[in-house]
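Below is one structure, written out as structure tokens, with a few remarks after it.
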Amino acid sequence: QVQLVESGGGLVQPGGSLTLTCAASGNIFTNYGMGWYRQAPGKQRELVARITPSSNTDYANSVKGRFTISKGSAKNTIYLQMNSLQPEDTALYYCNAVISTATMIGSSNYWGQGTQVTVSS
């Protein structure tokens, strides 16, 4: 019913930059907010950044000042601009959205397939 597609991951040297994109599509009735999470090997999935429909943002302490989450001009699209990347930022990055559809009561969490970000020299 709802699909999230991420793009923009890749291999970058320390100090480099990448921009991730996530687009949600499908039977979306209300979008309550979207965000980015990441999971490194052997670690739990953690919040990186999230944004509300009114554009309030929240960041993990480890990325504050380096990463910026924003909404795209296309509806239900978000970006994550990542600057000053470090090896510890290496992880699989997942897009998340809290969405209700016209055929359900309440809302659900939806996840993308993930896009790999590798920071290495």
Counting only residues that are among the small types (Gly, Ala, Ser) and in a loop (DSSP other than H, G, I, E, B), which one in region 59-89 is farthest from residue 31 (Cα to Cα)? 84
Under 23 Å from residue 107 (Cβ atoms), surrounded by 15 or more Cβ atoms within 10 Å (Cβ to Cβ), touching a Gly at 6+ places or on another chain (Cβ under 9 Å) and at pLDDT 95 or above, is that true of residue 48? yes
Provide a single number: the residues in region 7-23 that are in contact with a Phe, Trp or Tyr (Cβ under 7 Å, 6 or more places away or on another chain), in a strand (DSSP E or B) and buried (at least 16 other Cβ atoms within 10 Å of the Cβ). 2
In region 81-96, residue surrounded by the fewest Cβ atoms within 10 Å (Cβ to Cβ) [restricted to those that are within 12 Å of the chain's Cα centre (by Cα), of a type outside the set (A, V, I, L, M, F, W, C) and closer than 20 Å to residue 13 by Cα]: 81
Kindly provide the set of residues from region 24-42 that are under 12 Å from residue 89 (Cα atoms) and not in a strand (DSSP E or B), ordered by number. 40, 41
In this structure, is residue 101 at pLDDT below 95 and touching a strand residue (DSSP E or B) at 6+ places or on another chain (Cβ under 9 Å)? yes
Would region 11-23 turn up any residue that is without any contact (Cβ under 8 Å) to a residue 40 or more places away in the chain, of a type outside the set (Asp, Glu), touching a strand residue (DSSP E or B) at 6+ places or on another chain (Cβ under 6 Å) and closer than 13 Å to residue 97 by Cα? no
If we keep only residues of region 24-33 that are surrounded by 13 or more Cβ atoms within 10 Å (Cβ to Cβ) and among the hydrophobic types (A, V, I, L, M, F, W, C), then the residue nearest to residue 81 (Cα to Cα) is 24
Among the candidates 99, 78, single out the residue that is crowded, with 17+ Cβ neighbours inside 10 Å and touching a Cys at 6+ places or on another chain (Cβ under 7 Å). 78
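The values are calculated or read from the model by the stated rules, or taken from the named source; none is laboratory data. Worth saying up front: this structure is predicted, and the values here are computed from it rather than measured. Because the Cβ atoms are built from the backbone with ideal geometry, glycine has one as well, and the counts that use them run over all protein chains shown.
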